[in-house]
Amino acid sequence: MREPPLSDSYRYGPAYAKAFEDGTPVLAAPGSDAHLTERLLSPLWRGGAFWKIALVLTGGGALFFFATLLYTALTGIGVWGNNIPVGWAFAITNFVWWIGIGHAGTFISAVLLLLEQNWRNSINRLAEAMTLFAIINAAVFPVIHLGRPWFAYWIFPYPSTMGVWPNFRSALPWDAAAISTYFTVSLLFWYVGLLPDLAAARDHAPTPAKRRLYGIFALGWRGSGRAWKNWQMAYLLLGGLATPLVLSVHSVVSLDFAITQLPGWHSTIFPPYFVAGAIYSGFAMVLTLMLPMRRLYRLEDVITTRHLDAMAKLILVTGTVVYYTYAVELFVAWYTGNVFESQLFLWIRLAGPYAWSVWLTFALNFIVPNLMWFRAFRQRPVLLWIASVLVNVAMWFERFFLIITSQAQDFLPSSWDMYKPTYVDGAIFLGTFFLFLFLFFLFLRFVPFIPIAETKELKHTLEAERARLGER
Amino acid sequence: MRSGLLAEFDRPEVLVEAIRALRREGIAGLDAHLPYPLHEVLDALELPPSRVPCYALAGGIAGACYAYLLQWWTNGFDYALNVGGRPLGSVPAFIPPTFEGAVLLAAFGAVLSFLGLSKLPRLWNPVAEVPGFHRATSDRFFLAVDADAPGFDRTRAESILLARGALAITAFGLPEVPP
């Protein structure tokens, strides 16, 4: 028993030691590094009927999604339920919902990286993939919603023969810049993190064809010390760059609403409100995807109950922020005395024709996160999965009532109208799930979905820390 | 590194000791091949600090300037658009795309400089020809000694590596030594 030197105890305080020893470990995988590598790579080499069926079904669904988009583009958005005044309906609801879901992936991979939360190491790849696929789904809607989607490129500043440029004082070019940057940076971040694992896949591939395929994507990574040093720096910087994106992307999306004059939209609370809601729904989606996958691949020792617990707590935190915002919005609507604001918030939303969606959102978003106070909910996969699905339902309806009520009943009762989606609206929304699942299944089938190098690094850190604590 | 020695280790602590021993003997040109980043090994190699941040910073500044000037010139001069009598150079409205431009090019600066400084993509690497090197992405820790670096002495390096617990030492790109 010797006292650690002062610098050491400063660097690893008692809280640090406690974090390693308390409760379920963050990594409980037994066996050697080689065993862990082989085990985490094994899903890549295991095909089988299940995958064929899953990919054909979801791929067919994705084709169905493209068919609905094609139908919309060829016929015009008159096939949707949109009308005047409700010009932003299902399309923008789906857009905001999907893009919000992406935020948790960036939060896990970037913010938790900077905060040195080592539990992120085993789940960040999955969460980032979810981000990428969610952005792909989200990006469909602003484009198809234009009515003439083949002119979508007009939003980008290119020197055209028409001699005009986009108006950058509008929120629409901001949106295009924010989302294209978000997708590109997320993709770079994901790929840089993936490089060492693609190299591992190359080195352990059972057939020459697979070795070549993974070899091409591994870019010749040999894990050299110099490369690791640059890799660490690049990864950290990308984390630092993606962190403000977590806050900025949904802020920009919220500005699409906030800079309009409509009651219920024209509000400075929108950026933080949207960001909190985005992370909240994104964590729910991570759980929705991760829990079945964890069970399917028997990864309970790599994604332990500690991960579930931590994510459930984040749902509680962000859900509480969202609920606080609901309260502030209602209070401010009453307190300002603005007749249109108070009419919208206190009368139309709470008792109008769409009140059912408002109350559904309020109820689910209050009950579900608050169940996360209890360990029984945080650590039981089945209950947590049901809760995560309910959170996503609630968050979809939140965007629905937010978008619909403000337009349907704004200032002049003479211009009020009701909105009702058509079957095409529903089919497109359903189609996004097929595309999302198709991409996600492809990811699970062909990409090392648990970061192998980072998990081994975590294992090494934990072992070194245990040895150090035992020595003391 | 076209030729040299490659030593295999099964534990990072042993590798760190071997690196220190070689450096004490004045043998330079060391590089490790690791399955995951080990800060103790990277520290022992005493590599120069990564220059990735400089490129990321340059990218960020370039991106911000590009995005801001593009908006300022297009909306203020080339196609001056008067919306509701607001100033043509609308600084606050130009901030969101400026920020996005900075982040985008900083990310590209970081990734491209990481690849360039690490000499990636690379089609072929002589160390990959060494039998058993595929374990460098699994559970083994390799140390490469560059034959072209100053102070390289094959027999001395081999004996130090063996004494420090290397499991196997293989030459790559060097002539065969008669037994």
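Observations, loosely collected:
- Verdict on B:Leu174 being among the hydrophobic types (A, V, I, L, M, F, W, C) and more than 25 Å from the chain's Cα centre (by Cα): yes
- Residue list for the stretch B:31-62, filter: more than 7 Å from every other protein chain (Cβ to nearest Cβ) and part of a helix (DSSP H, G or I): B:His39, B:Glu40, B:Asp43, B:Ala44, B:Cys54, B:Tyr55, B:Leu57, B:Ala58, B:Gly59, B:Gly60, B:Ile61, B:Ala62
- Among residues of the stretch A:66-113, those that are out of contact with any Pro (no Cβ under 8 Å at 6 or more places or on another chain), over 20 Å from A:Phe436 (Cβ atoms) and of a type in the set (Gly, Ala, Ser), counted: 4
Per-residue answers, yes or no, for (1) of a type in the set (Gly, Ala, Ser); (2) assigned to a helix (DSSP H, G or I); (3) closer than 20 Å to B:Val103 by Cβ:
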| site | (1), (2), (3) |
| --- | --- |
| A:Arg202 | no, yes, no |
| A:Trp228 | no, yes, no |
| A:Leu237 | no, yes, yes |
| A:Ala242 | yes, yes, yes |
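- Residue in the stretch B:67-88 that is exposed (fewer than 15 other Cβ atoms within 10 Å of the Cβ), assigned to a helix (DSSP H, G or I) and within 7 Å of chain A (Cβ to nearest Cβ) present: yes
- Identity of the residue in the stretch B:131-179, in contact with a strand residue (DSSP E or B) (Cβ under 6 Å, 6 or more places away or on another chain) and part of a helix (DSSP H, G or I), that ends up surrounded by the fewest Cβ atoms within 10 Å (Cβ to Cβ): B:Glu158
- With respect to the conditions (1) closer than 30 Å to B:Ala149 by Cα; (2) within 10 Å of chain A (Cβ to nearest Cβ); (3) surrounded by 14 or more Cβ atoms within 10 Å (Cβ to Cβ), B:Phe94 falls short on a single one, namely (1).
- Qualifying residue in the stretch A:377-393 (condition: out of contact with any helix residue (DSSP H, G or I) (no Cβ under 9 Å at 6 or more places or on another chain), surrounded by fewer than 20 Cβ atoms within 10 Å (Cβ to Cβ) and in contact (Cβ under 8 Å) with a residue 60 or more places away in the chain): no
To keep it simple, each residue is scored yes or no on (1) in contact with a Lys or Arg (Cβ under 8 Å, 6 or more places away or on another chain); (2) within 16 Å of A:Ala127 (Cα to Cα); (3) part of a helix (DSSP H, G or I).
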residue	(1), (2), (3)
A:Met293	no, yes, yes
A:Ile303	yes, yes, no
A:Met311	no, yes, yes
A:Leu314	no, yes, yes
A:Val317	no, no, yes
A:Thr325	no, no, yes
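- Every residue from the stretch A:248-282 that is in a loop (DSSP other than H, G, I, E, B), within 14 Å of another protein chain (Cβ to nearest Cβ) and not β-branched (Val, Ile, Thr): A:Gln261
- Residue count for the stretch B:121-179, restricted to those that are more than 30 Å from A:Leu41 (Cβ to Cβ) and of a type in the set (Phe, Trp, Tyr): 1
- Taking first residues from the stretch A:36-47 that are more than 14 Å from chain B (Cβ to nearest Cβ) and in contact (Cβ under 8 Å) with a residue 40 or more places away in the chain and partners that are surrounded by fewer than 21 Cβ atoms within 10 Å (Cβ to Cβ) and not hydrophobic (A, V, I, L, M, F, W, C), the Cβ contacts under 6 Å between residues at least 6 apart in sequence or on separate chains come to A:Trp45/A:Pro206.
- Whichever residue in the stretch A:162-174 is at the interface with another protein chain (Cβ under 9 Å from one of its Cβ atoms) and assigned to a helix (DSSP H, G or I) and, among such residues, is surrounded by the most Cβ atoms within 10 Å (Cβ to Cβ): A:Trp174
- Filter result for B:Gly116 (touching a Phe, Trp or Tyr at 6+ places or on another chain (Cβ under 6 Å) and not polar (S, T, N, Q)): no
- Leading residue by the ranking (farthest from B:Val41 (Cα to Cα)) among those in the stretch A:208-221 that are surrounded by fewer than 24 Cβ atoms within 10 Å (Cβ to Cβ) and within 7 Å of chain B (Cβ to nearest Cβ): A:Leu219
- Within the stretch A:188-207, tally of residues that are of a type in the set (Phe, Trp, Tyr) and either touching a Phe, Trp or Tyr at 6+ places or on another chain (Cβ under 8 Å) or at the interface with chain B (Cβ under 10 Å from one of its Cβ atoms) (or both): 2
Since every read-out is calculated from the coordinates, none of them should be taken as a lab result. Computed from a prediction, not measured in an experiment: that's the story for all the values here. Ideal geometry is used to build each Cβ from the backbone, glycine not excepted, and the neighbour counts take in all protein chains shown.
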